Each structure stands twice: as C-alpha cells, then as structure tokens.
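The values are calculated or read from the model by the stated rules, or taken from the named source; none is laboratory data. All of these numbers come straight from a predicted model, not from anything done at the bench. All Cβ positions, even for glycine, are placed from backbone atoms using ideal geometry, and neighbour counts span all protein chains on display. Areas reflect the complete protein model, heavy atoms only, side chains present, ligands, DNA and RNA absent. Shrake-Rupley method; radii C 1.70, N 1.55, O 1.52, S 1.80 Å.
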Amino acid sequence: MCVKDCFFGVLQVNDKKADVLGDCFNCGHCVSVCPTNAVTIPDYPMEEVREYDESCKMDAKNLLHFMQFRRSVRQFRKEPVPMESIQNILEAGRYTPTAANRQDVSCILIREKLAEFRKIVWEGLGERLAKGIPDPYAYRMQIFYDAYQKNPLDDRLFCGADICMIVLSDAPVNGTLA
C-alpha cells in the first residue's frame, strides 16, 4: 500500500519491508496508509501521528453549512483571549497542509507591545496611501485610515483585539491556508 501511495515512487518492498530508494519527501502518506503501523520516518515526530477515528468523520452537508455560515469577527469581548485557545489555533495552523510539504509557515504573536505595534502599522499605512502604491484595497484602507485619524478608537484594522497574529511564509498560499 505504501509503495502504491508514494507520490514520488521512492519506496520498494524488499523482504516484506519498505525501503526508501531515493529522496524521500517526508510527506507521511506511507505512514497514514500502513494498516500495521510498520512505517516510521526518521526525523518525523511519530508520537504526533494520529490514527483515523470514526468519531472524526464529518458529514459533507454539515461541513458545507459550516463554511457557508463562517463570518469574520470584528466585534471582540473585552477579556483577553485565553492562552489555551491561542495554543489550539497555532496547533491547527501547524497541521495545515502546505504546498510541496514545505512546512514553511511561522507565526508571530503580539500582545504585550500591541499598542506600539498598532501605531507603527497605522503610520506605515498612512505612508503607503500617501505614495499612491497601486493596491486593490487602497480605497477601503483610505476610509479606515481617515476614520482612525479622526478618532483613534475607530480602529477598523485591529477592531479592539487584544492580540495580533502575523503569519509568515515564503509561499503566500501556505500562509493563507494556515
């Protein structure tokens, strides 16, 4: 099963054991299809591999409804986001598939110096708008910037959030997925 599933075709079975013949991509497909848990990957945290459990099965209609119902949050409560929730968000991003299994996503969380960061972002946005750099969102950002200049409490970028997560990736699609 692992030989058949290997996208790069670098596996071969010899004496009932899978051997890597070429440059392994470390995608983990061989691990996921092995019915006897006989496959391990060097430098891969095997203790993090989870087996499929029927309780995780999601009905397609429920998934579609969830996706149709999703909205961006722009009104936040005044209490801080619990660290456990932040850890869960980071963990979800960590397991997000990336193009070519690059795993090139990292995150920066800003909480303690968020007020200073907001100021830098607003100043940078003002400078960018003043330069007239072509941007499909420039019109909307100008409205946000003008409102913030009139009243710094009218912050339509941070919306009063107590934490900011910056997602970094060499491949924009990987950062977006995470």
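Is it true that some residue in the stretch 34-53 is in contact with a Gly (Cβ under 8 Å, 6 or more places away or on another chain) and either modelled with pLDDT of 85 or more or open to solvent by less than 60 Å² (accessible area, probe 1.4 Å) (or both)? Checked against the condition, which is being in contact with a Gly (Cβ under 8 Å, 6 or more places away or on another chain) and either modelled with pLDDT of 85 or more or open to solvent by less than 60 Å² (accessible area, probe 1.4 Å) (or both), the stretch 34-53 yields at least one hit.
For ALA60, state whether it is closer than 19 Å to LEU177 by Cβ and hydrophobic (A, V, I, L, M, F, W, C). Reasoning before the result, please.
On the way: closer than 19 Å to LEU177 by Cβ: no; hydrophobic (A, V, I, L, M, F, W, C): yes.
The answer is no for ALA60.
Using the structure shown, decide if PHE144 is of a type in the set (Phe, Trp, Tyr), farther than 30 Å from CYS6 by Cβ, touching a residue at least 12 places away in the same chain (Cβ under 8 Å) and in contact with a Lys or Arg (Cβ under 7 Å, 6 or more places away or on another chain). Taking the combined requirement at face value, the residue satisfies it. When the residues of the stretch 6-24 are filtered to those that are surrounded by 14 or more Cβ atoms within 10 Å (Cβ to Cβ) and under 27 Å from the mean Cα position of the chain (by Cα), the one that is farthest from ARG102 (Cα to Cα) is CYS6.
Tell me, please, whether a residue that is over 26 Å from GLN149 (Cα atoms) and not in a loop (DSSP other than H, G, I, E, B) can be found in the stretch 112-125. Looking through the stretch 112-125, none of the residues is over 26 Å from GLN149 (Cα atoms) and not in a loop (DSSP other than H, G, I, E, B).
From the list ALA138, ALA178, which one is surrounded by 11 or more Cβ atoms within 10 Å (Cβ to Cβ), in contact with a Cys (Cβ under 9 Å, 6 or more places away or on another chain) and farther than 18 Å from PHE76 by Cβ?
On the way: ALA138 fails: in contact with a Cys (Cβ under 9 Å, 6 or more places away or on another chain).
Among ALA138, ALA178, only ALA178 is surrounded by 11 or more Cβ atoms within 10 Å (Cβ to Cβ), in contact with a Cys (Cβ under 9 Å, 6 or more places away or on another chain) and farther than 18 Å from PHE76 by Cβ.
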